[in-house]
Amino acid sequence: MATLEVAGLEKSFGGVRAVQGISFSVRPGEMLALIGPNGAGKSTCFNMLNGQLRPDAGSVRLLGREITGMAPRTIWRLGVGRTFQITATFGSMTVLENVQMALLSHHRRLGGLWRPVARMDAAPARALLERLGMAEQAARPCGILAYGDLKRVELAIALANQPKLLLMDEPTAGMAPQERVSLMALTAQIARESGIAVLFTEHDMDVVFGHADRILVLDRGRLIAEGAPAAVRADPKVREVYLGSGAVTGAH
Amino acid sequence: MENLVLQALSGLASASSLFLVASGLTVIFGVSRVVNFAHGSLYMLGAYLAYSLVTTLPRGHLGFWGGVIGAAVLVGLIGLVVEVLLLRRIYRAPELFQLLATFGVVLIVQDLAQMIWGPQDLLGPRAPGLRGSIEIVGMRFPLYELFLIGVGPVVLGLLVLLFHRTRWGTLVRAATQDREMVGALGVNQRMLFTSVFFLGSLLAGLGGALQLPRESVNLHMDLAIITEAFVVVVVGGLGSLTGAALAALLIGELHAFGILIVPKITLVLVFLVMALVLVVRPHGLLGKPEAAARGGQGSAEPVIGPAPPALRWLGLATLAVAVVLPPFLGDYAVSVLTELAIAVLFAASLHLIMGPGGMASFGNAAYFGIGAYGAALAAQWLGAPMLAGLALAPLAAGVFGLLFGYFCVRLSGVYAAMLTLAFAQIAWSVAFQWVEVTGGDNGILGVWPSAWAAPKLVYYYLALALCLGATLFLRRVVHAPFGYALRAQRDSALRAEAIGIDAFRIRWLGFGLAAAAAGVAGGLFAYGKGSVFPTYMGIPRSVDALLMVLLGGVQTLSGPIVGALAFTGLQEQLVRITDLWRLILGCIIVLLVLFFPQGLAGAARARWEARHGDA
Amino acid sequence: MLSVSGLSAYYGRAHILDDVALDVGPGEVVVLLGRNGAGKSTTMKAIMGLVPPAAGRVRFDGAEIAGREPFEIARRGLGYVPEERRIFTGLSVLENLEVGRRPPTAGLRPWTPERLFALFPSLGAMQDRPGGRMSGGEQQMLTIARTLMGNPKLILLDEPSEGLAPVVVERMAEAIRALKAEGLSILLSEQNLHFAQAVSDRATIIEKGRIRWSGSIADLLAADEVREQYLSV
């Protein structure tokens, strides 16, 4: 069964149809890229999947269960992790504490008024950081971390509740080329090991063509192409609205 | 019927005056993001200066109108000086710090005005040419009021033209969004800000000067108008001129008709309307969601860790003094110490909301007061013993905290602060106007401790134990998951929601918890003083709490404790030694804001870190 | 035209720029390459006066500008296009341009909205649209156009291709070549090597706040070990 099934998704803002009847699905362990020009509806689409926006029509199913229109925190509890285009972490907490928060929330222990956080869920949090190569940074505040490291912290947070689906909005934006490759390789490895379905948007064509198993191309709210990287790269329509000649971006 | 028409017209005249003041406030806020408490002081100075000028200049049209315009321009210049000397240096400070600085200016102006013009009310001459009245629907209506009705729309029109049809206006609107970028495009943003301050202050001065023929000039004009102006600006939507005009109209008419329809709750009415508007429209009538203005925000909040050993020892030493010393002191000193202990808890309760919670509360006194009244009413009407009263105090405050907080914590920034203020004013008005139950202005007397706790020293130890226990409990909470969840939703609401944290619920419960803690302080205060009064819930007491927290520093857990001790001690001493305590306190606040922008504990922490490196 | 030497800057106590030196000649396009956090944006902000330089000299058009206020630096003919676009979302396209407007500079053809709409045709079609209702690519063009309204002699372009669709990046490259043809000097910061080599004459590599390599684009393409070490491509 597909992890995520999206059917006939629609959303309009003040008469402008941002997303028009989009359908697709993601399988366990699959890396699916969602690409398209700015304003094509990628973010709108994403925000409907994790509950930040309510679709006008259509359905979103997670492991066969209808999750359309649920609150983001409910969707998270059902097993959808999320990373953001501009990293969102708790700047006044250390890397470890950030991951502890996700674990504590997963275990529904956030109401505690007495026992200090320092002694709660520290070991599993450390293990997660270890897996992402961030153990050495555990005690540093997120507020002063380098951008590439923050992206890894976000991934650790997103993995804390053992998600079935990861939604990653431009996971490598603002990272150096080498960091991009290693982060995506790590993501792909974890996804395959744990059978997590990954849906990501991205502007870096090296990342898209290097790491996606399948690609969806959006333009003006519609799905204009879908398929394996080679096929999408060769599609003349995709070249016209999005990829261009590839001379300055590496999409050749 | 005729009466209603006249009432509506006089409502319009009030609305017009109110708009002048509010428009200046909203223009200044729009560009500088400074919530200028001193705007009311500028209004008052406008009235005083107009009085001096008009009575000095030769009589007649030139003397009067020249005096009014002259006063407005002078106030504009005073605003300009305040901007250049003070505000310009703190644009990068947190919002509430700026507010604190402008409150310092309020205190300074109050004493200066009293020194120059004396404490008595002054009556100015009436406007030449507008002394008479005309007949409207068979009744007399003063010409001057009619003139005022015209002033508002004219000023609104001119301002709209200025902001949308001139280059200066375009630059100001751009700077409202991104000051730094405007500077990088070659615009001298400092001059721009100063000119905006001049304009806003001039409008406040004009508003004050035009009151001269309507009412007496007195020393209470500043705080009276600033509360109303805040209401207008917030109801209209921060930064929106048209919104301010609409809101001024609404509030002006509400005053005019409220007194006819529901004279018993006139005081509550305005704040009820404000609360209602904010609950339905969280950004006011025409306001937009506050985009974080760029180039003005500080860095991320620091990590919270266990107290460094030096601080622990200092805390223990202070505690030891607080326990050992009092038996050797007189009754007066012991009751001052009792008040200090209560102040610490009061400040700590506000700190939970402001620091970890990341919300500003302008109405923390409400929960202090509700705690005090809860205990007092239980004593008076149910004959409850002291311990029952003290148990009831946090319960009552907590329940009302949850009730009011349910609405407040949905909003953010200045709007949230203003809604907490509105609820506090509603609570104050009820205590003030529901005379049969609360005794109104006379308060409730005879709220004495049980016999065993009657000696000052015993009561002190009781207060110390309860306040210290509650403060330490709050501190523990901050280190526990709940406190972390509070900080999580403050740091990143987006991320908090994305890991299943219900930000609303966390904020709401946090608000309730803080209210309950303030209630403990209020209950202890009631029994300590033996009486309760509406002033326990007044704006000044809420401002006191803010001062304590900001003075100590929001970013550290010890901040509110240090701030409470410093502020209460300072005020106590100043009032005893000088009549000009407001002037001195105001100057101290301004200097502290300029030189210790992180608060006392924050500054100490920064020095400690500079010497020992990061934790 | 622009000559930077010994430039250092701090955030709090962290040393973020250390002895940075670079030059941009008249009519030249120089690219500052480096990873995220290497110090590219900070270098630009320090030149512009937005981050106070702790030490060093910045000479622009014959005058020392280090330590001056951003608005004074802008008035001398240095234009700044920030990384995050930062257009005024509440103002229309024309009003955004008005904020950037400065008197003409001797020796350069003055920019007018009409000429800018010829350079960026998509902006011409939305003159009265509020900046907040434009796509990312359109906003990036508007922020460049807004800076050009100040008739600068040199512009600092901070990561103009970041987050843009490949077709839009191509248009951006064309626009930069057109500006160079006008005689404008440009200091560009980039992570995208493909884009950088398509538009620049020379490159300077920055890493952890220090300049590691400088030379022509041709040299950079030949120096595999430099690219591997600092750019990891």
Explain nothing, just the number: relative contact order of region B:2-219, from Cα pairs under 8 Å at least 6 residues apart, as a whole percent.
45
Pop a pseudo-label 7 angstrom from the Cα along the beta-carbon direction at both B:M139 and A:R119 and give the gap in nm to one decimal.
7.3
Across every pair of different alpha-carbon atoms, what Kirkwood hydrodynamic radius in Å does the protein assembly as shown reach?
32.0
Given a 10 angstrom Cα cut-off, can you work out which residue in A:M48, A:M175, A:M31 is the most mobile in a GNM of chain A?
A:M175
Consider all pairwise Cα distances in region A:1-114 and report the whole-number % of them above 22 Å.
42
In a Gaussian network model of chain C with springs linking alpha carbons closer than 10 Å, the residue among C:K40, C:K208, C:K153 that fluctuates most is C:K208
Calculated over chain A: convex hull of Cα atoms, volume per residue (Å³):
130
Zero-based 10 Å bins, Cα pair distances in region B:2-219, whole percents
8, 31, 32, 20, 7, 1, 0
Determine the calculated [θ] at 222 nm for chain B from helices alone, applying -39500 (n - 2.57) to every DSSP H run no shorter than 4 residues and normalising by the residue count; nearest 500 deg cm²/dmol.
-24500 deg cm²/dmol
Need the list of lysines near A:K151 for cross-linking: C-alpha distance under 30 angstrom, and skip anything on the same chain fewer than eight residues off.
A:K11, A:K42, A:K164, C:K40, C:K45, C:K208
Which of the aspartates and glutamates could be linked to A:K237 by a straight reach, that is with a Cα gap under 18 Å, when you skip same-chain ones fewer than 8 residues away?
A:D219, A:E226, C:E170
Region A:205-244: D in µm²/s via Stokes-Einstein (Kirkwood Rh, Cα pairs, 20 °C, 1.002 mPa s)?
211
Cβ under 13 Å from A:R192's Cβ, A:R192 left aside: what net charge do those residues give with Lys, Arg +1 and Asp, Glu -1?
-2
Counting only other chains, what is the mean number of Cβ atoms within 10 angstrom of the Cβ of each residue in peptide A:94-102?
4
In Å³ per residue, the alpha-carbon convex hull of region A:29-173 encloses 128
May I have the convex hull volume per residue, in Å³, for the Cα set of chain B?
163
Calculated FRET value between B:D121 and B:V399, using beta carbons and R₀ = 56 Å, to 0.05:
0.85
Of the beta bridges DSSP finds with both residues in region C:2-231, what % are antiparallel, to the nearest 5?
55
Of every Cα-Cα pair in region B:88-137, the percentage lying beyond 19 Å is 60
How many angstrom lie between the Cα centre of region B:350-385 and the Cα centre of region B:134-157?
45
Which FRET efficiency value, to the nearest 0.05, do you get for B:V336 and C:A54 by plugging their Cβ-Cβ distance into 1/(1 + (r/R0)^6) with R0 = 56 Å?
0.70
Centroid-to-centroid separation of region B:536-588 and region A:196-226 [C-alpha atoms, Å]:
58
Relative contact order [Cα under 8 Å, 6+ residues apart], region C:2-231, whole percent
29
Report the Cα centroid-to-centroid distance between region C:150-195 and region A:93-136 in angstrom, as an integer.
44
Quick check on region B:337-539: what are the equivalent-ellipsoid semi-axes from the Cα gyration tensor, as sqrt(5λ), descending, whole Å?
30, 19, 12
Rounded to the angstrom and largest first, Cα extents along the principal axes for region B:448-523 equal 55, 19, 14
Ignoring everything except DSSP H segments at least 4 long, calculate the 222 nm mean residue ellipticity for chain A; use -39,500 (n - 2.57) per segment, divide by total residues, nearest 500.
-9500 deg cm²/dmol
With eigenvalues of the C-alpha gyration tensor scaled by 5 and rooted, region B:509-615, Å
27, 21, 11
Please give the FRET efficiency for B:A454 paired with B:I584, using the beta carbon to beta carbon distance and R0 = 41 Å, rounded to the nearest 0.05.
0.70
Note, B:L9: beta-carbon cut-off 12 Å, +1 each Lys/Arg, -1 each Asp/Glu, net -2
Convex hull projection area averaged over all views, region B:382-466, Cα basis, nm²:
7.4
Which order do peptides B:361-371, B:141-151, C:120-130, B:268-278 fall in by mean Cβ count within 10 Å, highest first?
B:361-371, B:268-278, B:141-151, C:120-130
What is the distance, in nm, between label points placed 7 Å from the Cα along the Cα-to-Cβ direction at B:R88 and at B:L319?
4.8
Mind telling me which of A:E66, A:E130, A:E240 comes out most flexible in a GNM of chain A, alpha-carbon contacts under 10 Å?
A:E240
Contour minus Cα-Cα distance for A:A2 and A:A71 (0.36 nm per residue)
22.7 nm
Hey, got the average number of other protein chain Cβ atoms within 10 angstrom for residues in A:36-48?
2
Over region C:2-231 - Rg/Rh using Cα atoms and the Kirkwood inverse-distance radius:
0.95
Return the distance in nm (one decimal) between the two label points of a simple spin-label model at B:E572 and A:S245, each offset 7 Å from Cα along Cα→Cβ.
8.1
Counting only DSSP beta bridges fully inside the protein assembly as shown, the antiparallel percentage to nearest 5 is 60
Shielding by partners, peptide C:30-38 (average Cβ within 10 angstrom, other chains):
3
Rounded to the nearest angstrom and ordered from largest down, what semi-axes does the equivalent ellipsoid of region C:169-233 get from its C-alpha gyration tensor (root of 5λ)?
22, 12, 11
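Any read-out appearing in this document is the output of simple, stated calculations on the displayed coordinates, not a laboratory observation. All values reported here derive from a predicted model rather than from experimental measurement. Note: ideal-geometry Cβ built from the backbone for every residue, glycine included; neighbour counts use all protein chains shown.
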